[in-house]
Amino acid sequence: RLQESRERLSVCSKLCYAVGGAPYQITGCALGFFLQIYLLDVAQLDPFYASIILFVGRAWDAVTDPMVGFFISKTSWTCFGRLMPWIIFSTPFAVISYFLIWFVPDISRGQVMWYLVFYCIFQTLVTCFHVPYSALTMFISREQSERDSATAYRMTVEVLGTVLGTAIQGQIVGKVVTPCIESPLFIGKPNSSVAMEELNMTHDTGSLTDTRNAYMIAAGVIMGLYVLCAVILSVGVQEKRESSELQSDKPVSFFQGLKLVMNHGAYIKLIAGFLFTSLAFMLLEGNFALFCTYTLGFRNEFQNILLAIMLSATLTIPFWQWFLTRFGKKTAVYVGISSAIPFLIMVAVLDSNLIVTYIVAVAAGISVAAAFLLPWSMLPDVIDDFKLQHADSHGHEAIFFSFYVFFTKFASGVSLGISTLSLDFAGYQTRGCSQPSEVNFTLKMLVSAVPVGLILLGLLLFKLYPIDEAKRRKNKKALQDLR
């Protein structure tokens, strides 16, 4: 009891720790929801090149996670800790590269390389922030209950970060009407009609400049929040070296540790289950703005619909934290994530109706909250299980977190690249006020049928996950004895 009291974290420490999760979610949400439509309708890139940027950027983001995990494992402890220096020194460069993603360069050639380079640079730098931050969970306390509580604080703030990312980006950009071009109405018309089209295009160019400025203003606001959260985290959280070390710890090389981690059955089964469920929500995230704009016809409302989803998710995080402590984490997975299925089907089957869409958005947010909370709440249990089986090995926390993110990001990059490419094949019209029926059908598949199938597959695989509540409590007792 005395040891447990010493390991308890204050509310202030938990809040400061939780705030550190906001930058990744704010920027990730803004990029996830808006980058695709920005590249297509604001930067006016061809859908083929947009798909390359989205795929390569996400794939590179995935590759950087194990790379950063490797370098962290080789990092020596400093007066600031082993993880905190990565967070501090990556922040200023990350915010600069993030701003340049939302800047349209005045060059006729090389726009594709501009966005590709700065997107990859930002993904590298934000990984240098988020991988050590994720691994920090294991260094703030040795008590499972305290880590779970801190994780709940973190997930609440992270979902709030998605609300901020959606609200800042959506509301600032939504105040400016992005110009669009009607379907080719002027083909075969007299010259006077062609001249009128050219006049409209001149007007549209002015409006497009306002839209581009709005994206840069939103990026500037998000940059300020990124820096503020990084400062609060570095000042308010103490990284405890002893919190992750057992009495018999001996250092093991990175590749030996990687082999041990990848041979740990509970970890592989957890990844297999959450890989597909996370992929479903990422696919929905990447295409939802286009779906609302074109398929549902809510061009001026989509940012508010996204905001409704994220607000609902934020408010239900405490409920899911209570649910998993009351009924167990595996039960929470089945109930929480599967609850999205009927609403994903409903939004695609029902006719376009704004009120129904808002109701579906609020209901879907409840499931989004579970998808946010549960993976990060269960990873520490897997690490504890690993430590019991390999008590002579330590320092692999970053490997667990980074490779989980690696598989998820790489799969999402493939899916988002393929989905954007499929829109190109379906005949997507850049800056079009409406889209062909083939594009609308493709968008329905990307936000409904495909995510439902991925969720069902993920839940089926998750039945193999071996750590239930009984085993989790048994591991906790064994770790206390071992320490």
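Values computed for the structure shown
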quantity: Normalised contact order of the chain, rounded percent, pairs of Cα under 8 Å and 6 or more residues apart; calculated: 29
quantity: Rounded to 10°, Cα long-axis angle of helix 397-426 versus longest principal axis of the chain; calculated: 20
quantity: On Cα atoms only, tilt of 84-101 relative to the major axis of the chain in degrees; calculated: 10
quantity: Separation of the Leu464 and Cys79 label points, Cα + 7 Å toward Cβ, nm; calculated: 4.9
quantity: Stretch gain in nm, segment Trp322-Gln238, where the contour uses 0.36 nm per residue and the Cα spacing is subtracted; calculated: 27.6 nm
quantity: C-alpha long axis of helix 111-135 to longest principal axis of the chain, angle in °; calculated: 20
quantity: Relative packing of 258-265, 375-382, 153-160, which averages over residues the other C-beta atoms within 10 Å, highest first; calculated: 153-160, 375-382, 258-265
quantity: Environment charge at Tyr267 (Cβ cut-off 11 Å; Lys +1, Arg +1, Asp -1, Glu -1); calculated: -1
quantity: Cβ charges +1 (Lys, Arg) and -1 (Asp, Glu), total dipole of the chain, debye; calculated: 1540
quantity: All-pairs Cα distance distribution in region 28-184, expressed in whole percent, bin size 10 Å; calculated: 9, 31, 33, 17, 7, 1, 0
quantity: Region 252-482 - charge dipole about Cα centre, Lys and Arg +1 at Cβ, Asp and Glu -1, debye rounded to 20; calculated: 520
quantity: Sequence-separation-based contact order of region 82-178, relative, with Cα cut under 8 Å and 6+ spacing, percent; calculated: 31
quantity: With every protein chain in place, region 252-482: carbon and sulfur % of accessible area (1.4 Å); calculated: 68
quantity: Volume per residue of the C-alpha convex hull in region 72-161, rounded to whole Å³; calculated: 116
quantity: Mean separation of Cα contacts under 8 Å (6+ apart) over length of region 252-482, as relative contact order %; calculated: 41
quantity: Cα centroid separation, region 354-385 to region 416-483 (Å); calculated: 12
quantity: Solvent-accessible heavy-atom area per residue, rounded to whole Å², over the chain at 1.4 Å; calculated: 41
quantity: Long-range amide H partners of Lys175 with built H, under 5 Å; calculated: none
quantity: Region 309-376: translational diffusion in µm²/s, Stokes-Einstein, Kirkwood Rh over Cα pairs, 20 °C, 1.002 mPa s; calculated: 175
quantity: Along each principal axis, Cα extent of region 252-482, largest first, Å; calculated: 64, 37, 25
quantity: Whole-number D in µm²/s for the chain (Stokes-Einstein; Kirkwood sum over Cα pairs; 4 °C, 1.567 mPa s); calculated: 56
quantity: Listed residues Phe291, Phe386, Leu423: farthest to the positive end of the dipole of region 252-482 (Cβ charges); calculated: Phe386
quantity: Contour minus Cα-Cα distance for Leu350 and Arg8 (0.36 nm per residue); calculated: 118.1 nm
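The values are calculated or read from the model by the stated rules, or taken from the named source; none is laboratory data. Since the model is a prediction, treat every value here as computed from it, not as a measurement. Heads up, the Cβs are rebuilt from the backbone with ideal geometry, glycines too, and the neighbour counts pull from every protein chain shown. Protein only, heavy atoms only, side chains kept; ligands, DNA and RNA dropped before computing areas. Shrake-Rupley method; radii C 1.70, N 1.55, O 1.52, S 1.80 Å.
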